[in-house]
Amino acid sequence: MAYRNLLRNQKWFEFADKVKQRDGFVCSNCGKGGNGITLQVHHDSYVIGRMPWEYPVSACHTLCSGCHAREHGIIQPDSGWTLIEINDTGGLNSHCERQGCRQEIRYEHVAYHPAWGYMVAGSECINHLTIEDKMLCEDSLRIYKQAASFVDNHPLNRSQTKKGQSYLKCTYKHHVIRVYSESGNFAVQVAVKREGVKFYDYSDVKQVKVDNAEQAQELGYIWMRGMLSNDKKETEILRKMWVSLRKT
């Protein structure tokens, strides 16, 4: 028998009514109820061969038709997303994938939902994430914009090491970011000058998979910020940015 026919069985009606009564005849997700709201009963999991009314009441909950559709991935969920990363496309080169939006965007907020999968959203639509992820998103976006501003206002200048190796450099406060380029491959190095210390503290040279020197410079800025920051939350955000953008 088709599953939809089982939901016309009197035993199902009686079982579903028990679940709805327990939940106060409102959606357990959004709280909607009353006239004009269609309430349905959702199974948290399914057992092959078991009739829909043969589950414990505790294994089911009441949802409105909209939330029920989102639960099954029919309608894109508008909450419960987890922010994975933010990508700067350099211009309005992407678009928001949230249903009903499709706005051109520069910053791609890549989010994941267990019932839907991955989605790219813009800065405004990403507000439908959890509060914690929203705060992380706002902090990350602020740093991305600062990095973009740094690259725009700090042009790279050509220089040479004492051994004659050519590189590009720019300064961040008293510190230095170096970009090495050879045959289309890029690497970055940062030199930190601590207060009261005469000499620079040079990091290792790190290979990065980027398309141009400015992208490598942006990575150098993020790396430098991470080394200098005393804020644990900011340091973790910068670390995730570095891992995401480095693409190694």
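The values are calculated or read from the model by the stated rules, or taken from the named source; none is laboratory data. In this text the structure is predicted, and so the values were computed from the model without any measurement. Cβ sites come from the backbone with ideal geometry, for glycine too, and all protein chains shown count toward neighbours.
In segment 74-89, of all residues being loosely packed, with under 15 Cβ neighbours inside 10 Å and part of a loop (DSSP other than H, G, I, E, B), the one that is farthest from the chain's Cα centre (by Cα) corresponds to 74.
Within segment 91-101, can one find any residue that is surrounded by 14 or more Cβ atoms within 10 Å (Cβ to Cβ), closer than 30 Å to residue 216 by Cβ and hydrophobic (A, V, I, L, M, F, W, C)? Yes, segment 91-101 has at least one match. Of the candidates 87, 35, the single residue that is polar (S, T, N, Q), modelled with pLDDT of 80 or more and either closer than 30 Å to residue 215 by Cβ or not assigned by TED's automatic domain parsing to the domain that holds residue 240 (or both) is 35. Taken together, the residues in segment 19-57 that are in contact with a strand residue (DSSP E or B) (Cβ under 9 Å, 6 or more places away or on another chain), among the basic types (Lys, Arg) and surrounded by fewer than 14 Cβ atoms within 10 Å (Cβ to Cβ) amount to 0. Taking first residues from segment 152-176 that are farther than 17 Å from residue 193 by Cβ and in contact (Cβ under 8 Å) with a residue 12 or more places away in the chain and partners that are of a type in the set (Phe, Trp, Tyr) and surrounded by 12 or more Cβ atoms within 10 Å (Cβ to Cβ), the Cβ contacts under 7 Å between residues at least 6 apart in sequence or on separate chains come to 167/180. For segment 94-152, the candidate set comprises residues that are at positive phi and out of contact with any His (no Cβ under 7 Å at 6 or more places or on another chain); within that set, the residue that is modelled with the lowest pLDDT is 117.
The residue that is modelled with the lowest pLDDT, among those in segment 194-248 that are surrounded by fewer than 13 Cβ atoms within 10 Å (Cβ to Cβ) and among the hydroxyl-bearing types (Ser, Thr, Tyr), is 248.
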